[in-house]
Structure formats: structure tokens, C-alpha cells
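**Student:** I'd like to ask you about the structure that follows.
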Amino acid sequence: MQLTSCGHTIMAYPSFSRESVPNWGAARVVDAGRLARLGQARMLACVPVDCTLCGGAARGQPLCDACRIDVMRTMAGPAIRCSVCALALAQPACPDCSARAPAFDRVIAAFDYASPADLLIQQFKQAHRFSHARVLADMLAQAVLAQNPALPRHTIMVPVPASRAALRRRGFNPAAELARSLACRLPYALRPGLLQRVRDGVGQTGQSRAERMCSVAHLYHCPKRVENASIAIVDDVLTTGSTLHSIAREFKAAGAGYVCGLVAARTPYR
Ligand SMILES: [Zn+2]
Ligand SMILES: [Zn+2]
């Protein structure tokens, strides 16, 4: 064991490349790149910064402890939620799941897309605050690990591919960055290549819920069979669930036994 300059204890591992990692079985494979990212995350956790929501003191991440609790409290409130899509319900029937039977089995969200947390997502996606991926992944990983029942052990995480137009506009895919950070925090494999975007489609911003459901049909394709696999689709925001539904349908057609959504934020019904 070693003690870092900021007082954290870390395990000392022998140096090895990805190619020379001993075969400890799929669930125990240690990846040198992952260890480096973990070390980097521990060092970043010591850096004092201003909280992006209240301006108070935070350490190594854009949120102070109080704002982080406030953000996650939105999902822990007394609202009754749809057991499938995690929508806070004002009526017994879920309006999103009633509109079409979802092809996905479950959604896990870290918080509601509402003030003050919506600012985090807006800064991440629109102001290109790339580093917000880490704090969003922290909160989402916390939500995933708190689930009972837990996700199946061999779950594979797959980010929603961005359109070429969105990639040109932002310079990065928020879902892919979130999934990459999530892979450092959860014991599930990340396989972005399991999902392809067939065409750009029309941007969903400004569309009604009904229009969103039609506009994403047949946008995505799973290029190989995934017999009985457990797939977790990673995205930053789930609005109507139409994107997740469309992707889950592709994966189920490719043989997946279980498909869930892991999203940082769930948009309340408006
Ligand atoms: Zn704060
Ligand atoms: Zn629902």
C-alpha cells in the first residue's frame, strides 16, 4: 500500500501493460489504463474548486457536498415513480409507458432533470464542460449500486451513439463520456461498438413527446448477436424513453435477455 500526498491510501500494483495482464477471469481482469484513471481521479479529488451551482467550496469535482445531496434528493423524494421508466407519477398510470409498452426492462436515474441539477446537464452538453462527466458518473454509479435487485453481474454498458451533426457541434458525445467515467466506477464492461447509429435523424429538441417517439424509430442498429446478454444503455438524459425503447428493441431482436437504461437525469412529465 502507498499513501498519496493528499492522504489517500492506494494499493500498489506491479506495472504491466494491458497485454501482459494475467488471466484472472473475466470479472477480475485488471486493466492498467483503468488503474491509471483511478489514480488520476484520486489526485483530482484533492484539488479545491468552486461549486458550479452555489459557488461554495468543492474538492476535485464541480459540486460541493451540500449541492450534491440536493441534486440526488430529487430522486429520493416521496413521489411515486413508474417502476419501469422512473418517471415521477402524478396519476396511477405512467403516461410514457402507457403510450407504448417499453421494450426496455428498467431505468435507473441519478436525479430528476429539474432545478438546480438541470444546470449541470446544460453546462455539460451546451457549454462543453467536459469534466462534468465525472460528477454525473459519480452520482449515477451511486444510484446503480444502491439498486435492489442489483444489475446482473455480467451486464454490458453501451452508450447511445451521437449523430454526426451533434458530434460536429459539441466536439464530443456526452453519453460516451458519461459511460467512460461510469466504467471506472462500476464492475461492468463497456462495449461502445455494440450499437451503431444508422443515420443522423432529426434533432429531438423542441419536439413533442409524440413526435419524439416516431423520430427515433430505426435510427440504431446492433451489428452482432448478443444472446441472453444483459445490456445497460447509458445516456445523459431520458425524456420520453423513446430513444431507449428504440435501442432496446434492437438489442432484444439481437437476442438480449435484459435491457435497462442508465441515465444521469430523468425529465419529469410536463
Ligand atoms: Zn454547492
Ligand atoms: Zn413508465
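**Student:** Loosely packed, with under 15 Cβ neighbours inside 10 Å, more than 16 Å from ligand 2 (Cβ to nearest atom) and either under 23 Å from His221 (Cα atoms) or not small (Gly, Ala, Ser) (or both): does that describe Pro152?
**Tutor:** Considered against the rule, which asks whether it is loosely packed, with under 15 Cβ neighbours inside 10 Å, more than 16 Å from ligand 2 (Cβ to nearest atom) and either under 23 Å from His221 (Cα atoms) or not small (Gly, Ala, Ser) (or both), Pro152 comes out as no.
**Student:** Restricting to region 84-115, what's the tally of residues that are out of contact with any Cys (no Cβ under 7 Å at 6 or more places or on another chain) and either within 16 Å of ligand 1 (Cβ to nearest atom) or not charged (D, E, K, R) (or both)?
**Tutor:** Qualifying residue count for the region: 17.
**Student:** Can you find a residue in region 68-82 that is within 20 Å of Gln142 (Cβ to Cβ), away from ligand 1 (no atom under 11 Å from the Cβ) and in a strand (DSSP E or B)?
**Tutor:** yes
**Student:** In addition: Is it the case, given these coordinates, that Ala117 is under 18 Å from Ala175 (Cβ atoms) and in the same structural domain as Leu151 (by TED's automatic domain parsing)?
**Tutor:** Numbers: under 18 Å from Ala175 (Cβ atoms): yes; in the same structural domain as Leu151 (by TED's automatic domain parsing): yes.
Here the answer is yes, as Ala117 does meet what is asked.
**Student:** Next question, about the same structure. Looking at region 246-264, I want the residues that are assigned by TED's automatic domain parsing to the domain that holds Val135 and surrounded by 22 or more Cβ atoms within 10 Å (Cβ to Cβ) and have a partner that is of a type in the set (D, E, K, R) and modelled with pLDDT under 95 with Cβ atoms under 9 Å, at least 6 apart or on another chain. Which pairs are those?
**Tutor:** none
**Student:** Scan region 155-173 residue by residue and report those that are over 15 Å from Thr243 (Cα atoms) and either surrounded by 15 or more Cβ atoms within 10 Å (Cβ to Cβ) or out of contact with any Asp or Glu (no Cβ under 8 Å at 6 or more places or on another chain) (or both).
**Tutor:** Thr155, Ile156, Met157, Ala166, Leu167, Arg168, Arg169, Arg170, Gly171, Phe172, Asn173 - these are the residues of region 155-173 that are over 15 Å from Thr243 (Cα atoms) and either surrounded by 15 or more Cβ atoms within 10 Å (Cβ to Cβ) or out of contact with any Asp or Glu (no Cβ under 8 Å at 6 or more places or on another chain) (or both).
**Student:** Taking into account only those residues within region 73-95 that are farther than 18 Å from Ala264 by Cα and near ligand 2 (Cβ under 10 Å from one of its atoms), which is surrounded by the most Cβ atoms within 10 Å (Cβ to Cβ)?
**Tutor:** Checking each candidate, the answer is Cys94.
**Student:** Can you tell me which residue in region 43-67 is farthest from ligand 1 (Cβ to nearest atom), limited to those that are surrounded by fewer than 18 Cβ atoms within 10 Å (Cβ to Cβ) and part of a strand (DSSP E or B)?
**Tutor:** My answer is Pro48.
**Student:** Answer yes or no: is there a residue in region 198-211 that is at pLDDT 95 or above, in a loop (DSSP other than H, G, I, E, B) and either among the small types (Gly, Ala, Ser) or over 20 Å from Pro152 (Cα atoms) (or both).
**Tutor:** Taking every residue of region 198-211 in turn, none turns out to be at pLDDT 95 or above, in a loop (DSSP other than H, G, I, E, B) and either among the small types (Gly, Ala, Ser) or over 20 Å from Pro152 (Cα atoms) (or both).
**Student:** Report whether or not Asp70 is more than 16 Å from ligand 2 (Cβ to nearest atom), surrounded by 14 or more Cβ atoms within 10 Å (Cβ to Cβ), more than 18 Å from the chain's Cα centre (by Cα) and of a type in the set (D, E, K, R).
**Tutor:** On the way: more than 16 Å from ligand 2 (Cβ to nearest atom): yes; surrounded by 14 or more Cβ atoms within 10 Å (Cβ to Cβ): yes; more than 18 Å from the chain's Cα centre (by Cα): yes; of a type in the set (D, E, K, R): yes.
Yes, satisfied.
The values are calculated or read from the model by the stated rules, or taken from the named source; none is laboratory data. Every value quoted in this text rests on a predicted model; they were computed, and no experiment measured them. Virtual Cβ from ideal backbone geometry, glycine too; neighbours counted across all protein chains shown.
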